[in-house]
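Asker: Okay, handing you the structure first.
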Amino acid sequence: MFSKAIVRTPCQSMIEGITTANLGKPDYHKALAQHADYIEALIECGLQVTILPADEKFPDSTFVEDTALLTPHCAIITNPGAASRKGEVTSMIPVVEQFYDRVEFIDAPGTVEAGDIMMVGDHYYIGLSARTNEIGAMQMITFLEKHGMSGSIVSLSEVLHLKTGLGYLENNKLLACGEFLNKPEFATFSILEVDRDESYAANSLWINNRVLVPAGFPKTLALINKAGYQTREVNVSEFQKIDGGLSCLSLRF
Ligand code: CIR
């Protein structure tokens, strides 16, 4: 169970955020309203939410998930692989230090964005992507083991981040799409298959026995409801336009 979350208010420069989506530019005012509703949903899940101010220097800075891995035993500050995002960690360090005594750091040439990391109990799956390299993943595994946890590497080819195509819903249930449906490392999970035309909804988010689902993906919503979860839709269309999803918008711990 999680008790806290950290989010960052989107900045106006988010309209220049990195994107491959081809969905047009985000509407900033709509994004602010959607972000406020996202915070409301986190509160409904029982989380105490720390809201950081917008940081105009970094267009993608609302996607705080990528800047740190917050585990029950330590925090690990990442070194984002995207050049325009590296500086995002600087202002995150003092925030994380308010909550953690044990803070580790991924160092160059290692790169990691924590959207590539999926927690399953004490084990962390780390996707190798354009943003997370093998040196960074190995540093991450070393820190996890130092603090009594474990990690393993997953290759990926179709998606930006590991959790773009996967969402762990606890209870051995894994929401998966595309290239993740047949990977041997996930064969022991009970897979909930997300249709390709709703692939964005694979990034639904389990929090304390509820699941936040992006609005507008009815098949995935029905799938998760049928699996027995209480769901809460959140409209994040403006963040989808810059390749962001529900998990990217917060750090939960
Ligand atoms: C980026 O390309 O870095 C941002 N536009 C989107 C980041 C999404 N983060 C995530 O999936 N964890």
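The values are calculated or read from the model by the stated rules, or taken from the named source; none is laboratory data. The model shown is predicted, which means the values in this text are computed figures rather than measured ones. Don't worry about glycine lacking a Cβ; one is built from the backbone with ideal geometry, like all the others, and counts go over all protein chains shown. Side chains are part of the model used for accessible areas, which takes the heavy atoms of the whole protein and leaves out ligands, DNA and RNA. Shrake-Rupley method; radii C 1.70, N 1.55, O 1.52, S 1.80 Å.
Asker: Which ones in the range 107-121 are within 12 Å of residue 78 (Cα to Cα) and either open to solvent by 50 Å² or more (accessible area, probe 1.4 Å) or within 13 Å of the ligand (Cβ to nearest atom) (or both)?
Answerer: 107, 108, 109, 111, 112, 113, 114, 115, 116, 117
Asker: Can you pull out the residues in the range 6-32 that are hydrophobic (A, V, I, L, M, F, W, C), open to solvent by 20 Å² or more (accessible area, probe 1.4 Å) and outside any helix (DSSP H, G or I)?
Answerer: 18, 21, 23
Asker: I've got another one for you. Residues that are in contact with a helix residue (DSSP H, G or I) (Cβ under 8 Å, 6 or more places away or on another chain): find the strands (runs of 3 or more DSSP E) completely inside the range 164-253 holding 3 or more of those.
Answerer: Where strands (runs of 3 or more DSSP E) fall fully within the range 164-253 and carry at least 3 residues being in contact with a helix residue (DSSP H, G or I) (Cβ under 8 Å, 6 or more places away or on another chain), they are 173-176, 210-214, 230-234.
Asker: In addition: Within the range 33-50, track down each residue that is assigned to a helix (DSSP H, G or I), in contact with a strand residue (DSSP E or B) (Cβ under 8 Å, 6 or more places away or on another chain) and open to solvent by 60 Å² or more (accessible area, probe 1.4 Å).
Answerer: Within the range 33-50, 43, 44 meet the criteria.
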